[in-house]
There are 2 protein chains.
Amino acid sequence: MSKKVVVIYSGGMDSFTVLHKAMQQGLTPYALTFDYGQRHIKEIEVAREVCEELGVHHKVIDISAINQLIGGSSLTDSSIDVAQGHYQQESMKSTVVPNRNMILLSLAIGYAVSLGAEQVYYGAHSGDHEIYPDCRPIFVEKMNDVAAVANYEKVEIFSPYLNNNKSGILKDGLAMGLDYSKTWTCYNGREKACGKCGSCVERLEAFAANGLKDPIAYEDT
Amino acid sequence: MSKKVVVIYSGGMDSFTVLHKAMQQGLTPYALTFDYGQRHIKEIEVAREVCEELGVHHKVIDISAINQLIGGSSLTDSSIDVAQGHYQQESMKSTVVPNRNMILLSLAIGYAVSLGAEQVYYGAHSGDHEIYPDCRPIFVEKMNDVAAVANYEKVEIFSPYLNNNKSGILKDGLAMGLDYSKTWTCYNGREKACGKCGSCVERLEAFAANGLKDPIAYEDT
């Protein structure tokens, strides 16, 4: 039997690529999706469909109770407008969820210990470093230090794209032959992607950098 | 206004002492109780009463959804018997919840960031070191390293009793004039404490070491 690995899988293009990466490495992925009270559930639906198609074990965990603790981000609080434009702008800081990745990774590590998996795959990438402190290499390094001593079983966090940006991830995924129509990135959970939020802008830039047209449908196009 | 501090407060005697310690230091505690699907809610009720009496801000967060990820401990799974006897026995390992403290601390850190608190108080102590990897000083040290880089705001985890055992905590609490009838320790949530589970045994030893009788009622006494 191949080695088990927990993959934090949101339904977005980064973690979609990470999930396939784990499979191509001959690992048995246990996909883990967090429903932490996002504005929309479209991303989660896409994640479900993909896992079903791939025959990948999938858990969706509702952790929306934690919004009582860490409110105040535009991604979880519908009273705050989702910022438009590029990630590097100051306004994108409103999308920062306090301590988000430490919380998600600590849950994923607990899941790994329960399963007997030695690794957690997670799609941090360099495009997020500036705006999200918990996507930086130093954060992953320090998380690994604590994950090594927190349980009887040592768990390693592996971020295959830590030093790539989104277009680098896409390039790798395209080389793997992946179909990105099966991913959802937009912060606004309408029928089509908005093309304007930070997440859409970054996605569109990644496709442009690879000389390709994004296969998903956008509003006003 | 005095400094805010998040106190992880279960309703047990260790965190009860930590809560009072923070107050005596002139801090404004925000008590945080996790309902992670314990077998009983007696401990949580006691926590509520104490905070109400003290006029301390108190949040109880239901994180029982995470048991879908980290099942298999006797403290959260009613199909597993609670081990009796002393903590140091091998059987007490059945009370280990995978990655428990990393999960709870990461949530508390997120709460601290939201509140603008710079510290999380947490009642790890040396009596737990042998059986719980995530109660050891090395764990707290590594958690502090990651808590320093995970957010724009640095948060410190402070464990005032990291190098004390339970009787040392009790000694300090008694010196503060605390009334331990307002704490609940037993793993079995019946009307009176069982006096037999690892938690009761350790508590009774702490009172004996301080030459005192525990003020709470026990079964068969």
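Summary table
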{"item": "Where only C-alpha atoms are counted, convex hull volume of the protein assembly as shown per residue in Å³", "result": "138"}
{"item": "Gain in span if fully extended, B:Lys192 to B:His57, counting 0.36 nm per residue against the direct Cα distance", "result": "45.8 nm"}
{"item": "Only Lys, Arg (+1) and Asp, Glu (-1) charged, at Cβ; chain A dipole about Cα centre in debye", "result": "220"}
{"item": "Principal axis box of the range A:116-214, alpha-carbon based, largest edge first, Å", "result": "46, 29, 25"}
{"item": "Trypsin sites (Lys or Arg not before Pro) within the range B:134-221, DSSP loop, no more than 10 other Cβ atoms inside 10 Å", "result": "B:Arg190, B:Lys213"}
{"item": "Karplus-derived HN-Hα couplings along the range A:96-105 (A = 6.51, B = -1.76, C = 1.60, θ = phi - 60°), whole Hz, x at Gly and Pro", "result": "6, 9, x, 6, 3, 6, 5, 5, 5, 5"}
{"item": "Pairs of alpha carbons in the range B:154-193 whose separation is greater than 15 Å (percent)", "result": "59"}
{"item": "Quarter of the Cα convex hull surface for the range B:4-209, i.e. its orientation-mean projected area (nm²)", "result": "10.8"}
{"item": "Distant-in-sequence amide H partners of B:Tyr121 (H built 1.01 Å from N, under 5 Å)", "result": "B:Val6, B:Val7, B:Ile8, B:Phe158"}
{"item": "Ellipticity estimate at 222 nm from DSSP helix runs (n ≥ 4, -39,500 (n - 2.57)) divided over chain B, nearest 500", "result": "-10500 deg cm²/dmol"}
{"item": "At most 12 other Cβ within 10 Å, DSSP loop - GluC sites (Glu not before Pro), the range B:144-221", "result": "B:Glu191"}
{"item": "Rough spin-label spacing in nm, given labels placed 7 Å along Cα→Cβ, for B:Gln25 and A:Asp35", "result": "3.9"}
{"item": "Pairs beyond 19 Å (Cα-Cα), from A:Lys59/A:Lys142; A:Lys59/A:Lys154; B:Lys192/B:Lys213; A:Lys42/B:Lys59; B:Lys166/B:Lys213; B:Lys171/B:Lys213", "result": "A:Lys59/A:Lys142; A:Lys59/A:Lys154; A:Lys42/B:Lys59"}
{"item": "Distance (nanometres) between label positions extended 7 Å along Cα→Cβ at B:Asn210 and B:Ile138", "result": "3.1"}
{"item": "Portion, in percent, of the accessible area of the range A:4-209 that falls on carbon or sulfur, probe 1.4 Å", "result": "45"}
{"item": "Separation in nanometres of the label points that stand 7 Å from Cα toward Cβ, at A:Tyr218 and A:Glu45", "result": "2.2"}
{"item": "Relative contact order (%) - chain A, alpha-carbon pairs under 8 angstrom, separation at least six", "result": "23"}
{"item": "Only Lys, Arg (+1) and Asp, Glu (-1) charged, at Cβ; the protein assembly as shown dipole about Cα centre in debye", "result": "220"}
{"item": "Cross-link partners of B:Lys21 among aspartates and glutamates (Cα-Cα below 14 Å; sequence separation of 8 or more within a chain)", "result": "B:Asp172, B:Asp179"}
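The values are calculated or read from the model by the stated rules, or taken from the named source; none is laboratory data. Just so you know, these numbers come straight off a predicted model, no measurement behind them. FYI the Cβ positions are ideal-geometry reconstructions off the backbone, even for glycines, and counts take in every protein chain you see. Protein only, heavy atoms only, side chains kept; ligands, DNA and RNA dropped before computing areas. Shrake-Rupley method; radii C 1.70, N 1.55, O 1.52, S 1.80 Å.
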